[in-house]
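Enquirer: Below you will find the structure I want to go over with you.
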Amino acid sequence: MGIDERRQRLDRKLEEVLGPEEAHTLIEDVRTMSREHELLRRDMQVMFAELRAELLEKMNDQTKTLFRTFVITNATLVLAVAVLAFGAARLT
């Protein structure tokens, strides 16, 4: 049994139990809710994608800053050791 066939059987059963007008209202409400749910799901997907992109950008910026700080600190330490070594060499 296909989806359309099952849907038609459900529509007929709802009309039998609720009456044609009420069944139509219920079916339209369900369809509306389904569309709203799909729109909400899409909005959330977009929001999470934007959030992920923003987070990755911030992490990338932070990594670059950390790397620059690491390079500068190490260069400063190498220079300090070199100054101390040359200073010690001049004293002897």
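Enquirer: By the scheme Lys and Arg +1, Asp and Glu -1, what is the net charge of all other residues having a beta-carbon under 14 Å from that of residue 45?
Expert: Once all neighbours under 14 Å are counted, the net charge is 0.
Enquirer: Using a Gaussian network for the chain with springs between C-alpha atoms less than 10 Å apart, which of these wobbles most: 82, 23, 49?
Expert: 82
Enquirer: Per the helix-only calculation at 222 nm, which mean residue ellipticity applies to the chain, given -39500 (n - 2.57) for every DSSP H run of n ≥ 4 and division by its residues, nearest 500 deg cm²/dmol?
Expert: Taken over the chain, the calculation gives -35500 deg cm²/dmol.
Enquirer: Give me the angle, in degrees from 0 to 90, between the Cα long axis of helix 20-91 and the longest principal axis of the Cα atoms of the chain, rounded to the nearest 10.
Expert: 0 degrees
Enquirer: Count the net charge of all other residues whose Cβ sits under 14 Å from the Cβ of residue 6, scoring Lys and Arg as +1 and Asp and Glu as -1.
Expert: +1
Enquirer: Dividing the Cα radius of gyration by the Kirkwood radius, what Rg/Rh value follows for the chain?
Expert: My calculation of the ratio gives 1.72.
Enquirer: Could I ask something else about it? To the nearest 10 degrees, how steep is helix 3-18 against the longest Cα principal axis of the chain, on a 0 to 90 scale?
Expert: 60 degrees
Enquirer: A follow-up question, please. Can you compute the FRET efficiency between residue 35 and residue 68 using 1/(1 + (r/R0)^6), with r the Cβ-Cβ distance and R0 = 41 Å? Round to the nearest 0.05.
Expert: Taking R0 as 41 Å, the efficiency between residue 35 and residue 68 is 0.25.
Read-outs: derived from the displayed coordinates by stated rules, not from any lab. Treat the numbers as computed from the prediction; the structure is a model and nothing was measured. Backbone-built Cβ (ideal geometry, glycine too); neighbour counts: all protein chains shown.
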